[in-house]
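Heads up: the structure comes next, in C-alpha cells.
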Amino acid sequence: MWKYTFFVSALAVSTCIATGCSDDEDGRPPVTNPVSAEVQASFAEQFPGARDVEWEVRGTYAVADFSYADSQSGGWVSSTAWYSQTDGTWLMSEYDLRFERLPEAVKTAFQQSEYAGWHVDDVDLIRRDGVTLLYVVEVEQGGQEMDLYYAEDGVLVKALADTDGRHDYSDLIPATPTGSVQEFIQSRYPGARIVEIDADDGLTEVELIDADHVLREAVFNRSGEWLYTQTEVRRADLPATVTDAWNASEYAAANGYRLDDIDYYETASDGNYYRLELESRYGDVKLKVTPDGDLSLFTPTGGGTIVADTVDEAIQRLCPGAIVIEKDYDDGYLEVEIRHEGREKEMLFNGQNDWVLTRWDVAYRELPEAVLTAFRQSEYAQWELDGITYTQTPTGEWYVLEVEDYRTDTDRYLRITPGGEIAGL
C-alpha cells in the first residue's frame, strides 16, 4: 500500500546534491529528495545521464520513473527502476521495448499462440537481480486485454487479464532465497533459470524453467528444505497407466466428467503423483493418480500457498479467517482456493490483483424460498438443474443456477438475487 507519494524532478535532485539544498530566496523551505542517499548513489551509478527523473516512495521501495539513452536505437526509452529504500540495493528495472526487438524465440512463440491475431499494444522488458529476463507483451482484442509474460527462450510463464492498463510489476520483485534453496534447484534441475521467487509465512516458492524449457514451481519450508515441485502437464503427456486408471473410475469421461487441468507433483513425503481436476454437472472433483495407476480423491492440505500481499488483504477483508489452500492461473485470472466457514471457495483476481469474484457450490436445499419461487416461475422451470453456485462480485451477488434442456442439448446459467429477482443469463 502506498503511504506517501513524492515526485521530485531530476533538476531538483541535482541541485540538492550540488548545493546542499539551501533555502530559496522567497523563504520557502528547501526541496528535498524523499529517497535515501544510498538509493540516489545507486541510481546515479547505474543510470548516468538519465533525464526526466521522478521519484516516489512505495512502502520500503524507492521507485524512479525516467528516460535513458538507448545506444542501439539512438532514442530515449521510458523506464522504471525499483530500489531498497533501506540500503539502496537495486531490485528491478522495467523498460519499454519495440516488438521487433523481442528475441526471436519470444516472437515465434507469440506468433504461434492463440493471441497471434490480437493487437499488440505495448511490450515491456523486466530485469531483476538473480532471475531470468521477462518480456511482457500487452495485447488487446474486442475490448479484452491480456498481459503475456515470456521468458527469453519463448516459454509462456503466465497470461493475465488486464482490466485497467496498470502495470506496476512490483509483485515481480524477487525475494532472497537461502543458499540451500539455490543449491537444491541446481542439483535437482541442472541449468534451471529462476523466473520468480516469493517468500512469506515460512515458505519459499520458486518458479523456474528447467533445461528442457519446462515451467515448474518448487516449494521450500522456512529451513530451506524442499517440500514439493508442481509441474503443469498436457493431456497428451499423461502416461497410459494414469489415463487407464481414470477411465476405469466412476469419474471417467464416459460418466460425464471433463478433464480441466493436470499437474504433476514430486514431493518429499508423499511420493510422486498426477493431480487431475475434473468438472461435471455433479460438481468438480480432484483425483490423485500415481504413475503406477493407484487412484484416490485428492485432498488439499491447506495453509501452504503464498499469495501477493494485496491478494491476501482482499481475502481476509472479504472472508475473515480464510485459509489459502492453493492457487492457479486460468483464462488470464489468478484462481485462489480457500477454506472459509467450513466451505471450500474460489476467489478470482485479475492481472493487477484486483478481486473479481468469489464463488462456491450450494446445495438445492440451501436455496432461499425467494430464489426457488423465482426459478419455478421462470421459463426454465422444466429444464434439468445441473448445479448451483453462489457468486459475489464488486457489483452484486447472485445464486447462479446451471440448467440444461436435454431435448436440444442447450445450457443456460440463470442468475437470481437472494431476494428472488432474476438478474439475467
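The values are calculated or read from the model by the stated rules, or taken from the named source; none is laboratory data. It should be emphasised that the depicted structure is a prediction, and the values quoted were computed from it without experimental measurement. Cβ atoms come from the backbone with ideal geometry, glycine included; neighbour counts cover every protein chain shown.
When restricted to residues that are in a loop (DSSP other than H, G, I, E, B), more than 21 Å from residue 151 (Cα to Cα) and touching a residue at least 12 places away in the same chain (Cβ under 8 Å), the range 74-102 contains 5.
Residue check: residue 115 meets all listed conditions (1) assigned to a loop (DSSP other than H, G, I, E, B); (2) within 22 Å of the chain's Cα centre (by Cα); (3) under 30 Å from residue 35 (Cα atoms) but one, namely (3). Scanning the range 145-165 for residues that are part of a loop (DSSP other than H, G, I, E, B) and surrounded by 20 or more Cβ atoms within 10 Å (Cβ to Cβ) returns a single hit, 162.
Answer yes or no as to whether residue 260 is under 23 Å from residue 82 (Cβ atoms) and under 20 Å from the mean Cα position of the chain (by Cα). Answer is no for this residue. Here is the figure for the range 339-383: residues that are part of a loop (DSSP other than H, G, I, E, B) and touching a residue at least 60 places away in the same chain (Cβ under 8 Å) total 5.
No other residue among 280, 296 is modelled with pLDDT of 95 or more, over 25 Å from the mean Cα position of the chain (by Cα) and within 25 Å of residue 337 (Cα to Cα) apart from 296.
For residue 343, the criteria (1) surrounded by 13 or more Cβ atoms within 10 Å (Cβ to Cβ); (2) of a type outside the set (A, V, I, L, M); (3) farther than 26 Å from residue 260 by Cβ hold in every case but one, which is (3). Residue-level check: of (1) of a type outside the set (A, V, I, L, M); (2) over 27 Å from residue 210 (Cα atoms); (3) assigned to a strand (DSSP E or B), residue 127 misses just (2).
Do we find that residue 42 is modelled with pLDDT of 95 or more and not in a strand (DSSP E or B) in this structure?
yes
Do we find that residue 352 is farther than 22 Å from residue 312 by Cβ and among the polar types (S, T, N, Q) in this structure? No.
One line per residue, one yes/no per condition, for (1) part of a loop (DSSP other than H, G, I, E, B); (2) in contact with a Cys (Cβ under 6 Å, 6 or more places away or on another chain); (3) over 22 Å from residue 204 (Cα atoms):
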position: 278; (1), (2), (3): no, no, yes
position: 291; (1), (2), (3): yes, no, yes
position: 317; (1), (2), (3): no, no, yes
position: 327; (1), (2), (3): no, no, no
position: 336; (1), (2), (3): no, no, no
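When residue 16 is tested against (1) in a helix (DSSP H, G or I); (2) modelled with pLDDT of 90 or more; (3) surrounded by 15 or more Cβ atoms within 10 Å (Cβ to Cβ); (4) not basic (Lys, Arg), exactly one condition is not met: (2). Applying the condition of being of a type in the set (A, V, I, L, M) and touching a helix residue (DSSP H, G or I) at 6+ places or on another chain (Cβ under 9 Å) to the range 150-194 and asking which residue is farthest from residue 115 (Cα to Cα) yields 192.
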